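Read through the structure below, which is laid out as structure tokens, and then see the notes.
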Amino acid sequence: MFKRFLFINTIVFFLFIAGCTQVTPVKSLHANLESVTHEEANQLWQTPTPLTAPNGLRPCCAFGYDLKVKAFEIPIPFYRIDNVVEASALGNHRYNDSFWLGTGAVLGLGSEKSGLIYSHKGGFLDIAHIRDTADYTYYLFSHIYPKLGQAWTLTLSDELAQRKIHFNAFAPPKNELERYTLSAYLAAHLGYRLAVWHEIAQWYGFRSVPGFSEGISAFSPEDLYSNLIGARLSLTLILKGHATSLEHYNQSMQGIIPSALYQLEAQPRQLTQQWFDVIDGQWWDSQQRVPDKFLVLMRDYHISDQRYPVLPFEEITSPHYLTLPSAYSGYVLEQLAEFQLWPTKEMANLPHPKTYWSEADFTDLTEKAREIDNKTRPKTTKID
């Protein structure tokens, strides 16, 4: 009886969000994508009460388009994953506090759209990654600002390891505008680090859906540059007073993402597909099926928040360099908080640390992944 009740309610829920496809017009906002940002708050804006953490990450997207799929090593005929979206039709943004809403978006239900877009200056961009890191930055800000300068620990859901952020005690700025700005900078800094860990965890065996490997997505070439964009967009919204409530933040994200894509010269669906065709056999293999790891042939193991996008050999436009602030008003951000990964009983292929993994270990873990992938991935003419 309970299973039938759950099934009926699930169907009703998806029918409900399927009807919620109307896109509400919002004011367009300018995205500050200067390579180095010096944005500051010019007044104290209303802030939300500490938010509930985003419910995982939006389940999107394997690199490529019109992707074939298999389940339990059995090909699924006649089914393809499209993946490509249009910059002008991304729908409403919704802070990801519901697993079902994220799943609904993948199934094409609801108005929020995520997928891949090619841009001349930013290469391939993953809208889900932009949204996810923006959401996490906003979430972290809502917790950091009220406690800035205090010693405390924030515990997040597990990704192989138990994720914790330990905030160190320090004397925060006396100027309240500087306190507000420093809190936003620290939130963006840590939001991006969460994204880096997710790439590492995926490579070492993290599975958000039991039985479905995510190794295909680890260090995919579009991922971390997209995450960096998300952190920068959220930073702008917080500092410019466009995120005074959760509803305000959602509307502002809807209004600012198209500006960022326009500046990076995002291309329409047909041209995105053409660029995928250009790199077929170099960066991805259209003959492979999701979740085959080496459907993706090109990986980007560079994890810094000072980065260029990875562009195809055939692209003639200069890549756009993008960074996050590392310090503000004399405060070095990495000294204010430590991202800690404590061992759990379900570590998959992740080695057990002596105590916990920290950001200082990210490079070694990533280099090990690179070495193994270089030995095992298929060789391609233009990469090798």
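In a loop (DSSP other than H, G, I, E, B), out of contact with any Asp or Glu (no Cβ under 8 Å at 6 or more places or on another chain) and open to solvent by 70 Å² or more (accessible area, probe 1.4 Å): is that true of Asn42 in this structure? In short, yes. Considering (1) touching a helix residue (DSSP H, G or I) at 6+ places or on another chain (Cβ under 9 Å); (2) surrounded by fewer than 20 Cβ atoms within 10 Å (Cβ to Cβ); (3) closer than 30 Å to Tyr180 by Cα, the lone condition that Leu237 does not fulfil carries the number (2).
Only a single item in (1) open to solvent by less than 30 Å² (accessible area, probe 1.4 Å); (2) in a loop (DSSP other than H, G, I, E, B); (3) modelled with pLDDT of 95 or more; (4) of a type outside the set (A, V, I, L, M, F, W, C) is not met by Pro50, and it is number (1). Selection within the range 164-198: residues that are of a type in the set (D, E, K, R) and in contact with a strand residue (DSSP E or B) (Cβ under 6 Å, 6 or more places away or on another chain). The member of this set that is least open to solvent (accessible area, probe 1.4 Å) is Arg193.
Would you check which residues across the range 320-356 are part of a strand (DSSP E or B) and open to solvent by less than 40 Å² (accessible area, probe 1.4 Å) and list them? Of everything in the range 320-356, those that are part of a strand (DSSP E or B) and open to solvent by less than 40 Å² (accessible area, probe 1.4 Å) turn out to be Leu322, Thr323, Tyr328, Ala337, Phe339, Gln340, Leu341. Quickly run through the range 199-214 and pick out the residues that are touching a helix residue (DSSP H, G or I) at 6+ places or on another chain (Cβ under 6 Å) and open to solvent by 10 Å² or more (accessible area, probe 1.4 Å). Within the range 199-214, Gln202, Trp203, Glu214 meet the criteria. One residue stands out among those in the range 359-375 that are without any contact (Cβ under 8 Å) to a residue 40 or more places away in the chain and more than 15 Å from Tyr204 (Cα to Cα): the one that is most open to solvent (accessible area, probe 1.4 Å), which is Lys375. Is it the case that Ile257 is out of contact with any Ser or Thr (no Cβ under 9 Å at 6 or more places or on another chain) and β-branched (Val, Ile, Thr)? When the stated conditions are applied, Ile257 passes them. The set of residues from the range 309-319 being within 15 Å of Glu265 (Cα to Cα) and either open to solvent by 70 Å² or more (accessible area, probe 1.4 Å) or among the charged types (D, E, K, R) (or both) comprises Glu315, Ile316, Ser318.
Scan the range 124-144 and give yes if some residue there is under 29 Å from Thr355 (Cα atoms), touching a residue at least 60 places away in the same chain (Cβ under 8 Å) and in a loop (DSSP other than H, G, I, E, B), otherwise no. Looking through the range 124-144, none of the residues is under 29 Å from Thr355 (Cα atoms), touching a residue at least 60 places away in the same chain (Cβ under 8 Å) and in a loop (DSSP other than H, G, I, E, B).
The values are calculated or read from the model by the stated rules, or taken from the named source; none is laboratory data. These numbers come from a predicted model, not from an experiment. We place every Cβ from the backbone using ideal geometry, glycine too, and count neighbours over all the protein chains shown. To get the accessible areas, we keep the full protein, side chains included, count just its heavy atoms, and leave off ligands, DNA and RNA. Shrake-Rupley method; radii C 1.70, N 1.55, O 1.52, S 1.80 Å.
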